[in-house]
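Since the structure comes first, as structure tokens, the remarks are kept for the end.
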Amino acid sequence: SPGMYEAQFYKALGNRYSDYCISNVPWYNPKAELTRRVEAQFNKQFPQEKLMFHALNVGFTFEAMMIAADAFKRAGTADGAQLADALRKTNIAEHVMIGGPIQFDAKGQNTHIASACIQNRGGEPKVVLPESAAQAKPVFPVPGWQERKA
């Protein structure tokens, strides 16, 4: 998932040139209790990494596993038709990604997923919008190149 929020972007450009970039992407909710629990386990498993640099992959993979386990538990079987019916009735309120409960429409789309504005700050991606998940206020307009610290 290449983007301006990836660790390599910060390494290549340094804070002076990577800071203040804004991306609008699906993102984990850093304020959600479940996110904090996932992050604690991630840190134990990968002490040299930071969850924020793997947000999309970890968040969506974790939620996919939650959805599959929830549907299987409710269906009580691995039968495809019954699992599909259970998936259509999914309603998971506590999850890691920003947005409302995980629910699917008639076409199988998660109708409540939302995106976030992520702004690079101090070498890390920070949620600046929506306010309900924000870790910082957006800086805009951004400081000019000459005003930034090297």
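The values are calculated or read from the model by the stated rules, or taken from the named source; none is laboratory data. Note that the structure is predicted; figures quoted are calculated from it, not measured. All Cβ positions, glycine included, derive from the backbone under ideal geometry; neighbour counts span all protein chains shown.
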Matching residues in the stretch 119-150 - criterion: being acidic (Asp, Glu) and not in a strand (DSSP E or B): GLU131, GLU147
Residue match in the stretch 58-72 (condition: β-branched (Val, Ile, Thr), closer than 30 Å to VAL142 by Cβ, over 12 Å from the mean Cα position of the chain (by Cα) and surrounded by 17 or more Cβ atoms within 10 Å (Cβ to Cβ)): no
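In the set PRO125, PRO138, which member is at pLDDT 95 or above, in contact with a Phe, Trp or Tyr (Cβ under 7 Å, 6 or more places away or on another chain) and not polar (S, T, N, Q)?
The conditions single out PRO125.
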Matching residues in the stretch 11-45 - criterion: being among the hydrophobic types (A, V, I, L, M, F, W, C) and touching a residue at least 40 places away in the same chain (Cβ under 8 Å): CYS21, ILE22, VAL25, TRP27, ALA32, LEU34, VAL38
In the stretch 118-150, residue farthest from the chain's Cα centre (by Cα) [restricted to those that are closer than 16 Å to LYS31 by Cβ and surrounded by fewer than 17 Cβ atoms within 10 Å (Cβ to Cβ)]: LYS137
GLY100 being farther than 30 Å from TRP145 by Cα and either out of contact with any helix residue (DSSP H, G or I) (no Cβ under 9 Å at 6 or more places or on another chain) or of a type in the set (D, E, K, R) (or both): yes
Residues located in the stretch 42-61, provided they are closer than 14 Å to ASN110 by Cβ and of a type in the set (Phe, Trp, Tyr): PHE60
Meets criteria (assigned to a helix (DSSP H, G or I) and either buried (at least 16 other Cβ atoms within 10 Å of the Cβ) or touching a helix residue (DSSP H, G or I) at 6+ places or on another chain (Cβ under 6 Å) (or both)) for MET4: no
Extreme residue, nearest to LEU51 (Cα to Cα), among residues of the stretch 93-117 that are β-branched (Val, Ile, Thr) and crowded, with 16+ Cβ neighbours inside 10 Å: VAL96
When residues of the stretch 125-147 are limited to those that are in contact (Cβ under 8 Å) with a residue 60 or more places away in the chain and not hydrophobic (A, V, I, L, M, F, W, C), the one farthest from HIS54 (Cα to Cα): PRO143
